[in-house]
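A.B. asks: Just passing along the structure, written as C-alpha cells.
What follows is calculated from the coordinates using simple rules that are stated; it is not laboratory data. Please read all numbers here as calculations on a predicted model, not as lab measurements. Reconstructed Cβ throughout: ideal geometry from the backbone, glycine too, with neighbour counts over all protein chains shown.
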Amino acid sequence: METNSEGVRSAGLANRAQAFAALGDPARLAIVELLGDQDLTPHALSAAIGIPSNLLAHHVRVLERAGLVRRTKSQGDGRRAYLTLVPDAMDALISAAASLTTRRVIFVCTKNSARSILAESIWRISSTVPVTSAGTHPADRINPRTRSAAARARLPIARDTPQLLDDVLRPDDLVISVCDAVNEELTALPNRHLHWSIPDPVRVGTDAAFNAAITRLTQRIHGLAPRVQRPRHR
C-alpha cells in the first residue's frame, strides 16, 4: 500500500517530469528563457522566437499545463494578455539567465506613485547598481498607501514627489516597466527595456493589494538583481 508521503513524492516527481518534458522542445525552452526576464504578449513572443501564432499557442498550452507559464489580462488594453513565468517554477530546472550591464536601473509606471516607487525602494536595498523611478504621466504626490506599505515592509522611499520619465531618462538606463499601460506606451523606447506585469494596487485600494505588489516585486528583483552589474571602468 502506498503511504501518504510516498504519494506526495510520486506526485512531485510526476510534476517535475511534466515540466522537464515541456522544456524538451527548443521553442518552449526559448519561451521560458525570454519570460525569465520579462512578461510578454503572445504577439511579442511570436515575433521574438520567429514562429507563427498558432504554433506559439500550442507551445504555451503545453507550458501552462506543466505549471510553468500563466497568462494575465492587461490592465492597460483589456484586449491584450501577458504571459509570465509562474514564480519559482523554474528553480533548479534551467540555468540562470545571462547577466546584464547598466549604469542605472529605472522603474517606470504611469503615475510613479505606487508600483515604480516600491520597486525603486526594494532595488535600493537589494543591489548596489544605482536606481530611480519615474512615470509617463506622474501624479502630484506619492500615493499615501504606498508610503504605508513601504513603512510596513521597512522600505526606504528616497523621494517626496513623482517625477517625469522624460526628465530623468538617460540613454544607457535599463528601463523596467511595472505597468502594462506604460509597457504598451513605450514601444519605441531606444533603451534596453524589460517588462513585469504587476497588478495595480491602487485600483484595489487595500493594504493586502499593496502587500501583494511588494511581494511580487521583491520576487522579481531578487531574481534579477544578482545578474545586473555596473560596466567595468577601463
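A.B. asks: How charged is the neighbourhood of Thr136? Take every other residue with its Cβ under 12 Å from the Cβ of Thr136, and add Lys/Arg as +1 and Asp/Glu as -1. It would help to have the intermediate numbers written out before the result.
C.D. replies: Values: positive: Lys111; negative: Asp166, Asp167, Glu184, Glu185.
Taking every other residue near Thr136 into account, the sum is -3.
A.B. asks: Hey, another quick one. What size of dipole, in debye to the nearest 20, comes out for the chain about its Cα centre when the only charges are +1 on Lys and Arg C-beta atoms and -1 on Asp and Glu C-beta atoms?
C.D. replies: Working: 30 positive and 22 negative charges, 91 e Å.
The dipole of the chain has a size of about 440 debye.
A.B. asks: Counting each DSSP H run of 4 or more residues in the chain as -39500 (n - 2.57), what helix-only mean residue ellipticity at 222 nm follows after dividing by all residues, to the nearest 500 deg cm²/dmol? Before the final figure, lay out each step's value.
C.D. replies: Numbers: 10 runs with 101 residues, N = 234.
Estimated from H runs of four or more residues: -12500 deg cm²/dmol.
A.B. asks: Out of the DSSP beta bridges found with both residues in the chain, what percent are antiparallel (nearest 5)? Write out the running numbers ahead of the final one.
C.D. replies: Details: 6 of 23 bridges.
Counting only bridges with both partners in the chain, antiparallel ones make up about 25 percent.
A.B. asks: Taking the simple approach of a point 7 Å from Cα along Cα-to-Cβ for both Val168 and Ala14, what is their distance in nm?
C.D. replies: Using points 7 Å along Cα→Cβ, the separation is 5.0 nm.
A.B. asks: Ok, one more. Which of Leu56, Leu169 has the fewest other C-beta atoms within 10 Å, and how do the rest follow up to the most? Walk me through the numbers before you get to the answer.
C.D. replies: Details: Leu56 21, Leu169 17.
In order of increasing Cβ crowding within 10 Å: Leu169, Leu56.
A.B. asks: Under a Cβ-Cβ cut-off of 12 Å, what is the net charge of the residues other than Pro171 that fall near it, where Lys and Arg count +1 and Asp and Glu count -1? Let's see the in-between values first.
C.D. replies: Details: positive: Arg103, Arg104, Arg170, Arg192; negative: Asp172, Asp173.
Local charge sum for Pro171: +2.
A.B. asks: Using only Cα atoms, figure out Rg for the range 179-234 and give it as a multiple of 2.2 N^0.38 Å.
C.D. replies: Working: Rg = 14.7 Å, N = 56, 2.2 N^0.38 = 10.2 Å.
That ratio works out to 1.45.
A.B. asks: With no solvent and one point on each alpha carbon, what is the Debye value of log10 I(q)/I(0) for the range 4-85 at q = 0.14, 0.21, 0.22 Å⁻¹?
C.D. replies: The Debye formula, applied to the Cα set alone, gives -0.50, -0.92, -0.98.
A.B. asks: Hey, any idea what Rg/Rh is for the range 100-229, computing Rh the Kirkwood way over Cα pairs?
C.D. replies: Numbers: Rg = 13.2 Å, Rh = 14.3 Å.
Rg divided by Rh gives 0.92.
A.B. asks: Taking neighbour Cβ counts within 10 Å as the exposure measure, how do Phe107, Phe20 sort from fewest upward? Intermediate values should be presented prior to the final figure.
C.D. replies: Working: Phe107 30, Phe20 12.
The order, fewest Cβ neighbours first, is Phe20, Phe107.
A.B. asks: Considering only DSSP beta bridges where both residues belong to the range 54-176, give the percentage that are antiparallel (nearest 5). Don't skip to the answer; put the middle values down first.
C.D. replies: Working: 5 of 15 bridges.
Around 35 percent of the beta bridges assigned by DSSP in the range 54-176 are antiparallel ones.
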